[in-house]
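Chemist: Okay, here's the structure, questions in a sec.
The values are calculated or read from the model by the stated rules, or taken from the named source; none is laboratory data. In this text the structure is predicted, and so the values were computed from the model without any measurement. Note: ideal-geometry Cβ built from the backbone for every residue, glycine included; neighbour counts use all protein chains shown. For accessibility, only protein heavy atoms count, side chains too; no ligands or nucleic acids. Shrake-Rupley method; radii C 1.70, N 1.55, O 1.52, S 1.80 Å.
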Amino acid sequence: MAKPSKLTFVNGKPTLVPYDQVTRKDNDKAYNQARDVNQTKYVNFYHSGLWRSARKDVNQRDYGLCQRCGSQLNLIDHIVPSKDDWEDRLNPDNLQGLCDDCHRVKTKREWIKHNKGANRYMSINVVCGLPGSGKTTYVNSHKTKHDLIYDYDSLMQSLTGLPSHEKNFDVHDYIILFFEQMLRKLKAEQTFDNVWIILTYPDERLDNLLSPYHHINHILLDVDRQTCIDRLNNDKRFNQSLISVFNDFENKNFDNFKRVTG
Ligand SMILES: [Zn+2]
C-alpha cells in the first residue's frame, strides 16, 4: 500500500509529500529568506539620503510642529505605513510631522486595525437622494456615537455662502481634495465606526476615489420628485436652482444602490 500523503507548502508552493516528511525546515528557510530581503529593503530605505532629505523637507513644511496637537514634532511619520504602501514612502502628501505621544496613539490604532480587523471594521455608507428626500434624517437615525459625516451639500454651502444646492466648481475641487485626504487618513487608521457620505447623486471622481475600498454600502432614499418638492415647499427650502438638480438626478444610474424610503 502506498504511503499516505499530505498537502503542504514547499518553498511557498502547495505540494503533496509523504505524511511523515518534515517540511517545516524548507518553509522556515523560505520565510526567513523573504524576511531578510524585506528587512534589508526597509533598513536601506531608512538609512538612505532620499529619506533624510524627505524628512528635512517635511519638517520644514510642517514648521517643526506635530500635525495633530501642534507641539514640537519628534519624528516624520508615514500616514499610510510604508509596509502597507511602499510606493508612497517618499510622497510628501503621505508624510507628516508627529510628536511621540501622537505617534504612539496612531501606532496603537494601526495595531488594532491589523490585529482586530475582523471584529472591528469601519463601514463606509454613501447616501444619495433628491433634495428633500430625507438623507440627513436617515443618517441621523442610523449613526452611532463614533461616526464621521461628510455632507457634500452642507460643505458646499458653508464654504461658499450660496443657497442650498448651488454649486461653485472651484470650491468643488477643494471639497474633493479634502475628501481625498480624508480617505487616505481613514484607510490608514479606520478611526470611526461608520463613515457617512451624503450627496445628491454619485459623483464620478468621488466614486473613483472610493473604488479601492470594500465594505461600502450604497443607499438611495427612494422618494418621488413631487413628494420632495412638497416637503421643500413646506420647509420654505425650495428655490428655482433645484429644478436643474432634479433634472440631473433623473439621468443618474443607481443600479448598485439599496433603495430605502425616507
Ligand atoms: Zn502631537
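Chemist: At 1.306 mPa s and 10 °C, plugging the Kirkwood radius over alpha-carbon pairs of the stretch 50-125 into Stokes-Einstein gives what diffusion coefficient in µm²/s?
Modeler: Answer, rounded: 119 µm²/s.
Chemist: Using the Karplus curve 6.51 cos²θ - 1.76 cosθ + 1.60 with θ = phi - 60°, work out ³J(HN,Hα) for each residue of the stretch 219-224 in order, rounded to whole Hz, and write x for Gly and Pro.
Modeler: 10, 10, 6, 8, 10, 6
Chemist: Can you pull out the cysteines in the chain that have no other Cys Cβ under 4.7 Å?
Modeler: CYS69, CYS102, CYS128, CYS228
Chemist: What range in the chain is the longest one free of chymotrypsin sites (Phe, Trp or Tyr not before Pro) that are in a loop by DSSP and have at most 13 other Cβ atoms within 10 angstrom? Intermediate results must be reported in sequence, preceding the final value.
Modeler: Numbers: sites that count: TYR19, TYR63, TYR121.
That gives 122-262 as the longest site-free run.
Chemist: SER5 accessible area, nearest 10 Å², 1.4 Å probe?
Modeler: The value for SER5 is about 70 Å².
Chemist: Moving on to the next point. Taking amide H atoms as placed 1.01 Å from N in the peptide plane, list the residues 5 or more away in sequence, or in a different chain, whose amide H sits under 5 Å from that of PHE9.
Modeler: Under 5 Å from the amide H of PHE9 lie the amide H atoms of THR15, each far enough along the sequence or on another chain.
Chemist: On the first, second and third principal axes, largest extent first, how far apart are the outermost C-alpha atoms of the stretch 123-260 in Å?
Modeler: Cα extents, longest axis first: 43, 32, 29 Å.
Chemist: Which percent, to the nearest 5, of DSSP beta bridges fully inside the chain are antiparallel?
Modeler: Just about 40 percent of them are antiparallel.
Chemist: Could you tell me how far the Cα centroid of the stretch 225-262 sits from the Cα centroid of the stretch 157-207, in Å?
Modeler: 19 Å
Chemist: How big is the chain along each principal axis, measuring the range of its Cα positions in Å and listing the largest first?
Modeler: Principal extents (largest minus smallest coordinate, Cα): 79, 63, 31 Å.
Chemist: How much of the calculated P(r) for the stretch 170-221 lies past 18 Å, in percent of all Cα pairs?
Modeler: 31 percent
Chemist: Straight-line reach from LYS143: which lysines fall under 19 Å, measuring Cα to Cα and dropping same-chain residues less than 8 apart?
Modeler: LYS135, LYS258
Chemist: Oh, and also: Pick out the long, greasy-scoring helices in the chain: whole DSSP H runs spanning 27 Å or more along their own axis by Cα, mean Kyte-Doolittle at least 0.0.
Modeler: Going by DSSP H runs, the hits are 169-189.
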